[in-house]
Amino acid sequence: MSSRLNPYLTFDGECRQAMEFYRQVFGGTLQLNTYGEAGMAGTPMADKIMHGMLETTSGYTLMAGDQHPDMPQQSGANFSVSVSGDDEDELRGYWEQLSADGSVSVPLEKQMWGDVFGMCTDRFGIPWMVNITETETES
C-alpha cells in the first residue's frame, strides 16, 4: 500500500451521524469502530466512534472520530491531516520533519491496534496524524 494523505475530522459525539451523512453525499464504503470495541465497553464512550473511514468510488478517503474526553474539543481545531501507509521509512521521515520545531501530543510508537501511530502539530499550527501499518511477517 502506498502512503495516502487525507483529512481526519473530529466530532463531539456526532461522528456516526456525520459519517453516515457523508456516505449519502459521496457514496462508498463506511467502516466504523467504537470505543467499546477498543476496550471501553461499559463506559459513556462505548458507543461513540473511535475511528471511522469512508472510502468512495471516486477515490476520496475521509476519516473521523469522536473526541476522547481526555482530549477536549477545541472549536476550529476539529480536524487533522492524516498520513498513513506501510512504508515505514517514508512515514518516519515525514514524522521527523513534521514534528521538528512543533509539538508532539502522542509520540510515534506502537499502539493497541497494532500499528505505529503519532500525533503532532507542526511549526505552523497544523495538526498531523501519522499511522504506519504494521504488516504481518510469515515465519
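The values are calculated or read from the model by the stated rules, or taken from the named source; none is laboratory data. Since the structure is predicted, the reported quantities are computational estimates derived from the model, not experimental observations. Here Cβ is always computed from backbone atoms with ideal geometry, including for glycine, and neighbour counts include all displayed protein chains. Ligands, DNA and RNA are stripped out before the accessible areas are found, and what is left, the full protein with its side chains, is counted by its heavy atoms. Shrake-Rupley method; radii C 1.70, N 1.55, O 1.52, S 1.80 Å.
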Inverse mean reciprocal Cα-Cα distance (Kirkwood Rh) of the chain, Å: 15.9 Å
Can you give me the orientation-averaged projected area of the convex hull built on the Cα atoms of region 52-114, in nm²? 6.1 nm²
A chain fully extended from His68 to Ser2 at 0.36 nm per residue, minus the present Cα-Cα distance, gains in nm 20.9 nm
Relative contact order (%) - region 1-112, alpha-carbon pairs under 8 angstrom, separation at least six: 34 percent
Which length gain, in nm to one decimal place, applies between Phe79 and Asn33 when the Cα-Cα distance is subtracted from 0.36 nm times their residue separation? 14.7 nm
Which percent of the accessible heavy-atom area of region 1-106 goes to carbon and sulfur, probe 1.4 angstrom? 48 percent
Spelling it out for Trp128: with amide H atoms placed in the peptide plane at 1.01 Å from N, the residues 5 or more places away or on another chain with amide H under 5 Å from its amide H are Val81, Cys120, Thr121, Asp122
With every protein chain left in place, what is the accessible area per residue of the chain in square angstrom, probe 1.4 Å? 61 Å²
Indicate, rounded to the nearest 5 percent, the antiparallel portion of the DSSP beta bridges found entirely in the chain. 75 percent
Report the longest stretch of the chain that contains none of the GluC sites (Glu not before Pro) sitting in a DSSP loop with at most 16 other Cβ atoms within 10 Å. 15-133
Size of the dipole of the chain about the Cα centre, Lys and Arg at +1 and Asp and Glu at -1 on the beta carbon, nothing else charged, in debye to 20? 520 debye
